[in-house]
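Below: the structure, in structure tokens.
The values are calculated or read from the model by the stated rules, or taken from the named source; none is laboratory data. From a predicted model like this one, the values you see are computed outputs, not experimental measurements. Virtual Cβ from ideal backbone geometry, glycine too; neighbours counted across all protein chains shown.
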Amino acid sequence: MSTSTDHGRPDAGSDAEFAAPSATAPSHAERCRTLAQQARSATLCTLARDPAGYPYGSLVTVAVDAEGRPLLLLSALAEHTGNLKERPEASLLVAEPSEGRADPLALGRATLIGPCRPLDGAEAAAARTRFLAAHPRASYYVGFTDFAFYRLDPVSIRYVGGFGRMSWVDASDYAAAEPDPLTADAARILEHMNTDHADAVLAYAKSLAGIKDATGATMIAVDRYGFELDVITPAGPKAARLAFSAPVSTSDEVRKAMVALVREARGRTA
């Protein structure tokens, strides 16, 4: 079970305003799985040997297995690998891509905490397949004798979804959750809606989100359950979430759901 702490968002009021009670949204476990699934690089933190005990952060490339466990291809020459050989306790920070978002602290991120140990045999072979699918160029050095596959087994996950949205996520909830099926298409969907259908996005804000004084709106996130808006008003920025009538799984289903909502929005103002 996830536990959450919410506080006011400086740009949009409270988290309750951000996600109205009627707006279905991904669970924090689902959001963490999605972040891990789309990550290609991450910050690995290990416990330093010298100076002993201090957190040591380094940039690594990452893939995940079917349970969302991070897979790393590490060189024996790297400082973090030496740290892990002495103490396996580690954490891995994965973050939402920052394209089109001005404030990095408004982005989603997850810190996966747990032991990180080398794999061998069948587990290493499976990790190799997964990792190369995410990082084809790693085929150049994947066979070097000083490289080995490691896996971080999460015991807990800290999720921060921007201002006022955060929780600790149980490892079992994380493993059972599914990454969002729109991950690969989300950026294209957002660009299309904001560039080609800005009038529809504003109509969503005014008619469906109830922000009557909206002067502008940008769609900043989309997932299987709905989408989120950053809305400009004379009183300052606000945020809103709107739900689809049913979960979607493809870009074509998103298009149909968006069209239906446009009709609803325009019908309310007719």
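To keep it simple, each residue is scored yes or no on (1) in contact with a Ser or Thr (Cβ under 7 Å, 6 or more places away or on another chain); (2) within 26 Å of Ile220 (Cα to Cα); (3) at pLDDT below 95.
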position	(1), (2), (3)
Ser4	yes, yes, yes
Pro10	no, yes, yes
Ser14	no, yes, yes
Phe18	no, yes, yes
Ala23	no, yes, yes
Ala36	no, yes, no
Ala39	no, yes, no
Cys45	yes, no, no
Gly53	no, no, yes
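Quick check on Arg137: is it closer than 18 Å to Ala171 by Cβ, of a type in the set (Lys, Arg) and either touching a strand residue (DSSP E or B) at 6+ places or on another chain (Cβ under 6 Å) or in a helix (DSSP H, G or I) (or both)? No. The residue list Thr145, Thr183 contains one member that is free of Cβ contacts under 8 Å to residues at least 40 places away in the same chain and either more than 13 Å from the chain's Cα centre (by Cα) or within 19 Å of Thr34 (Cα to Cα) (or both), which is Thr145. Strands (runs of 3 or more DSSP E) fully within segment 163-270 that include at least 1 residues being assigned by TED's automatic domain parsing to the domain that holds Leu152 and acidic (Asp, Glu): 166-170.
Residue count for segment 129-165, restricted to those that are in contact with a Phe, Trp or Tyr (Cβ under 7 Å, 6 or more places away or on another chain) and among the β-branched types (Val, Ile, Thr): 1.
Scanning segment 195-221 for residues that are under 21 Å from Thr250 (Cβ atoms) and either modelled with pLDDT of 95 or more or touching a Gly at 6+ places or on another chain (Cβ under 6 Å) (or both) returns Thr195, Asp196, His197, Ala200, Val201, Tyr204, Met219. Apart from one condition, Val155 fits all of (1) under 24 Å from the mean Cα position of the chain (by Cα); (2) surrounded by 15 or more Cβ atoms within 10 Å (Cβ to Cβ); the exception is (2).
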